[in-house]
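Note sheet for the following structure.
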Amino acid sequence: MTLLRKRVCYVLPSLAISGTSVRLVGLMRELARDHELTVVCTHEGGALKPDAEQAGAIVHELDLARPWDPRTTRRLIEVFRRHRPDVAHTLLGDHDAFVCRAAQAAGVPALVSGRREVMNHLTPRQMRQRRRAMPLTDAIVADCRAVADSIEQREQAPPGLLRVIPSGIDARSLDAGPPFAAPFPQDAPVIGMAANFVPAKDHALFVQMAWILAQERADLRFLLLGQGPLHAAVLRQIVEAGLRERFHVAHMHRPTAAAYRAMTRFVL
């Protein structure tokens, strides 16, 4: 007997370099063995679009400026009717209400909302949109207990709707490749973080932590990898803390396996 391949359609703003996009591409590489995969980027494809296509997904770019663009629902209905997914899976939650309406109109059997952040900065409008989508959602998947608790408290989500599936990385990807070049003594313990230079990642807290630890351990070194609008501001904080000689900050498009191997401890 031949099993029918399940169709899954992921909806997110973009496949730009981020933890969410990297994890999604890794997931799709495994799912592509027995699933048909579609990705809808409501904004633009982003740097990881070729990776998603290589993983076996069909990628659509809607080029919409905002999640609440009035064209969003209509454009999503067109994609859903073309690919007839069994599951529509949103990521990051800003457009759940539009995806729910489109999925209902196109007859998509199941809707999953993926959440990866504690969203303390939601506007009243965003909160209304999320609550409006909840009755049409079959499951909300959080990547840690703290995110699930926040959704339950702030959005009044029924506990039975929530699932927690922790994030992970493919450890096999860390085994090969040349060493990472950082200007540190060879035997120095390195505390590192790979994250976009954006407010939610709180690099200021990392610098504060580094300053406290540096008072206790003269051998410690610190490594920051990523890209984003706060890169220059973080560099200024490091200099003001008197830690310039203890830090290496790389404006990396995508952290490599070698960069992770260079870290004694990884912080996020």
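The values are calculated or read from the model by the stated rules, or taken from the named source; none is laboratory data. On a predicted model such as this, the values are computed, not experimentally measured, just so you know. A quick note on method: Cβ atoms are made from the backbone with ideal geometry, for glycine too, and the neighbour counts reach across all protein chains shown. The protein model used for the area step is the full one, side chains on, heavy atoms only, and it has no ligands, DNA or RNA in it. Shrake-Rupley method; radii C 1.70, N 1.55, O 1.52, S 1.80 Å.
Is it possible to state the helix-based mean residue ellipticity at 222 nm for the chain, with each DSSP H run of 4+ residues giving -39500 (n - 2.57), the sum divided by total residues, to the nearest 500 deg cm²/dmol? What is it? Could you put the intermediate results ahead of the total?
Details: 9 runs with 91 residues, N = 268.
Estimated from H runs of four or more residues: -10000 deg cm²/dmol.
Any idea what the dipole of segment 113-268 comes to, in debye rounded to 20, about its Cα centre with Lys/Arg Cβ at +1 and Asp/Glu Cβ at -1? Mind dumping the intermediate values first?
Values: 20 positive and 14 negative charges, 110 e Å.
Dipole magnitude for segment 113-268 comes out near 540 debye.
If you rank I151, I165 by how much accessible surface each has, with a 1.4 Å probe, what is the order from largest down?
Numbers: I151 5, I165 105 Å².
Sorted by accessible area, descending: I165, I151.
If you take the charge dipole of segment 27-143 about its Cα centre, with +1 on Lys and Arg Cβ and -1 on Asp and Glu Cβ, which of G107, H89, V141 is farthest toward its positive end?
Going by the charge dipole, the pick is G107.
Heavy atoms only, probe 1.4 angstrom, no DNA, RNA or ligands counted: give me T72, T256 ranked by accessible area, highest first.
Values: T72 0, T256 60 Å².
Largest accessible area first, the list is T256, T72.
How many percent of DSSP beta bridges within segment 123-230 run antiparallel, rounded to 5? Spell out each step's value before the answer.
On the way: 0 of 8 bridges.
Around 0 percent of the beta bridges assigned by DSSP in segment 123-230 are antiparallel ones.
Helix 145-154: angle to the longest alpha-carbon principal axis of the chain, degrees 0 to 90, nearest 10?
60 degrees
Please list, ordered by chain and number, the residues whose modelled amide H lies under 5 Å from the amide H of K6; skip anything fewer than 5 residues away on the same chain.
Sorted by chain and number, the residues that satisfy this are E36.
Would you give the gap between the C-alpha center of segment 25-54 and the C-alpha center of segment 67-99, rounded to a whole Å?
Each part reduced to its Cα centre gives a spacing of 16 Å.
Quick check: residue separation of L136 and R66 times 0.36 nm, minus the Cα distance between them. What number comes out in nm?
Numbers: separation 70, 0.36 × 70 = 25.20 nm, distance 2.17 nm.
Net length gain for the segment: 23.0 nm.
Could you size up the charge dipole of the chain around its Cα centre, putting +1 on the beta carbon of Lys and Arg and -1 on that of Asp and Glu, and report it in debye to the nearest 20?
On the way: 35 positive and 27 negative charges, 135 e Å.
Using only the charged Cβ atoms, the result is roughly 640 debye.
Rounded to the nearest 0.05, what FRET efficiency do V118 and E44 give with R0 = 25 Å and r taken as the Cβ-Cβ distance? Could you check?
Working: r = 26 Å, r/R0 = 1.04.
Approximately 0.45, to the nearest 0.05.
Excluding ligands, DNA and RNA, what is the solvent-accessible area per residue of segment 175-268 at a probe of 1.4 Å, expressed in Å²?
Working: 5450 Å² over 94 residues.
About 58 Å² of surface per residue is accessible.
Note the angle between two axes, namely the Cα long axis of helix 203-216 and the longest principal axis of the Cα atoms of the chain, as a number of degrees from 0 to 90, rounded to the nearest 10.
For helix 203-216, the angle is close to 30 degrees.
Nearest 10 degrees is fine. How inclined is helix 19-31 to the longest principal axis of the chain, computing both from alpha carbons?
60 degrees
Using a Gaussian network model on the chain with a 10 Å cutoff between Cα atoms, which of R84, R132, R33 fluctuates the most?
R33
Go through (1) 37, 22, 16; (2) 31, 27, 17; (3) 34, 24, 16 and flag the label whose value is the computed semi-axes √(5λ) of the Cα gyration tensor in Å for this structure.
Derived directly from the coordinates: (1).
Sort segment 1-95 into rounded, prolate or oblate with this rule: let a ≥ b ≥ c be the square roots of the eigenvalues of the Cα gyration tensor; rounded if a/c is under 1.5, and if a/c is not under 1.5, prolate when a/b is larger than b/c, oblate otherwise. Could the numbers behind the result be given before it?
Numbers: a/c = 2.16, a/b = 1.28, b/c = 1.68.
In terms of gyration-tensor shape, oblate.
Return the single residue from G46, G226, G168 with maximal mean-square fluctuation; model: Gaussian network over the chain, springs between Cα atoms under 10 Å.
Residue with maximal mean-square fluctuation among G46, G226, G168: G168.
Return the sequence-ordered ³J(HN,Hα) values of segment 228-236 in whole Hz as given by the Karplus equation 6.51 cos²θ - 1.76 cosθ + 1.60 applied to θ = phi - 60°, using x for Gly and Pro.
Calculated HN-Hα couplings, in order: x, x, 9, 4, 5, 5, 5, 4, 5 Hz.
Give, rounded to the nearest 20 debye, the magnitude of the charge dipole that segment 31-80 has about its Cα centre when Lys and Arg contribute +1 at Cβ and Asp and Glu contribute -1 at Cβ.
200 debye
I need the phi-derived Karplus couplings for segment 82-89: 6.51 cos²θ - 1.76 cosθ + 1.60, θ = phi - 60°, integer Hz, Gly and Pro marked x.
6, 9, 6, x, 7, 9, 9, 10
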